[in-house]
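A short worksheet on the structure shown next.
Laboratory data are not the source of any read-out in this text; all were calculated from the coordinates shown. Values in this document were obtained by computation on a predicted structure and should not be read as measured data. Here the Cβ is made from the backbone with ideal geometry for all residues, glycine too, and neighbour counts use every protein chain on show.
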Amino acid sequence: MLLPRIDNLLRYSIVSNFWQNFLSRIGVEVESTTETVRRSLKTARIVAFTGAGISAESQVPTFRGKDGLWRNYRPEALATAAAFESDPHLVWEWYDWLRSLIHAAQPNPGHLALTELQQRAAAGFTLVTQNMDGLHEKAGSQDVVKLHGDIWLLRCTKCGREGRNEQVPIEPMPPLCPCGGILRPGIVWFGEMLPVDEWERATDAAQSAEIFMAIGTSAVVYPAAGLVQMAKHARARVLIVNPEPSPADEYADWILRGPAGEILPRLL
Ligand code: NAD
């Protein structure tokens, strides 16, 4: 008969106790960080700086990460003025696909927690986003600083006229302005300047923040990513919310690893 040897059983129980202690110690640390942040947020001047990761749980894909590819193209290669000039139809097909996903998307508990945090914030709250999906506004957030524009805005490449357009799928392809020019999405592409007013609002807020929350961003797209360092140098305490490490971790006072939709509601 096959019986487990007693020394093997003992070894197993020692190892499993070790892991149990280890895991529960980590659990306690995460709990206490969450609690410290939660208490600090009550009285602090807050900036929340969000990236594509906050919308991942609303099924809007991030640029970097396993779902980032579209028909074997890297988004970073399509989101440029040069790509649009050489093949507006291809770039528009990609944006049309993104617009259809975003159109169907609903804010998740992460977006909603930030709306609630803004309503409760006693000392001031600024939401700065790199996202173009409009889900913060859909969740009820006010005065959102949009560094990279808005996917529902279109701008004429010939006469510069801007207008809102929520047609999904968009027609014709590529869409045209009454002046005959091709319309482009009203977003900031890699290599383009950020809107001056929005950037000023973001830098002012980062420099006067007491707590700077960097949520769901890979922190590699500049100049936006520089806000984390700017806030840190201006003496803000920096909180990172992200399931993965990023270059912003080096400025962190607190790191909460995990999906924003699970972590942010616990900070209320
Ligand atoms: P990114 O794609 O470079 O990085 C996404 C980050 O989110 C990663 O660090 C990843 O670990 C993290 N993440 C993934 N799931 C998460 C979750 N559930 N909770 C928290 N974090 C999660 O995104 P970026 O840093 O915002 O920069 C890329 C550029 O892409 C920005 O300029 C932005 O305009 C654009 N973008 C926007 C959208 C959108 O509007 N939803 C989507 C894709 C890309």
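Over the chain, what number does the Rg to Rh ratio reach, with both radii from the alpha-carbon atoms and Rh per Kirkwood? Present the calculation step by step, with values, prior to reporting the outcome.
Working: Rg = 22.2 Å, Rh = 20.4 Å.
A ratio of 1.09.
Only Cα pairs under 8 Å and 6+ residues apart enter the sum, and on that basis the relative contact order of the chain stands at 22 percent. What does the C-alpha gyration tensor say about the overall shape of region 181-236? Classify as rounded when a/c is under 1.5, otherwise prolate if a/b is larger than b/c, or oblate. The shape class here is prolate.
At 222 nm, what helix-only mean residue ellipticity would the chain give, in deg cm²/dmol to the nearest 500, using -39500 (n - 2.57) for each DSSP H run of four or more? List each step's numbers first, then the result.
On the way: 9 runs with 107 residues, N = 268.
Estimated from H runs of four or more residues: -12500 deg cm²/dmol.
What shape does region 148-263 have by the C-alpha gyration tensor, where a ≥ b ≥ c are the square roots of the eigenvalues, rounded means a/c under 1.5, and otherwise prolate means a/b greater than b/c and oblate the rest? It is prolate, given that a/c is not under 1.5 and a/b is the larger ratio.
In the chain, what is the count of Lys pairs whose alpha carbons are under 29 Å apart, counting only pairs at least 8 residues apart or on separate chains? Let's see the in-between values first.
Values: LYS42/LYS138; LYS42/LYS146; LYS42/LYS232; LYS66/LYS138; LYS66/LYS146; LYS138/LYS146; LYS146/LYS158; LYS146/LYS232.
Pairs that pass both the separation and distance tests number 8.
Listed from fewest to most Cβ neighbours within 10 Å, the set THR50, THR80, THR129 follows the order THR80, THR50, THR129.
Label-to-label distance for ARG164 and HIS233 is 3.7 nm, based on points extended 7 Å past Cα in the beta-carbon direction.
Can you give the local net charge around LEU176? Use residues other than it whose beta-carbon is closer than 14 angstrom to its beta-carbon, Lys and Arg +1, Asp and Glu -1.
On the way: positive: ARG155, LYS158, ARG161, ARG184; negative: GLU171.
Here the charged neighbours net out to +3.
Relative to one another, the C-alpha centroids of region 196-268 and region 57-122 are positioned 19 Å apart.
When both bridge partners sit in the chain, DSSP labels roughly 30% of those beta bridges antiparallel.
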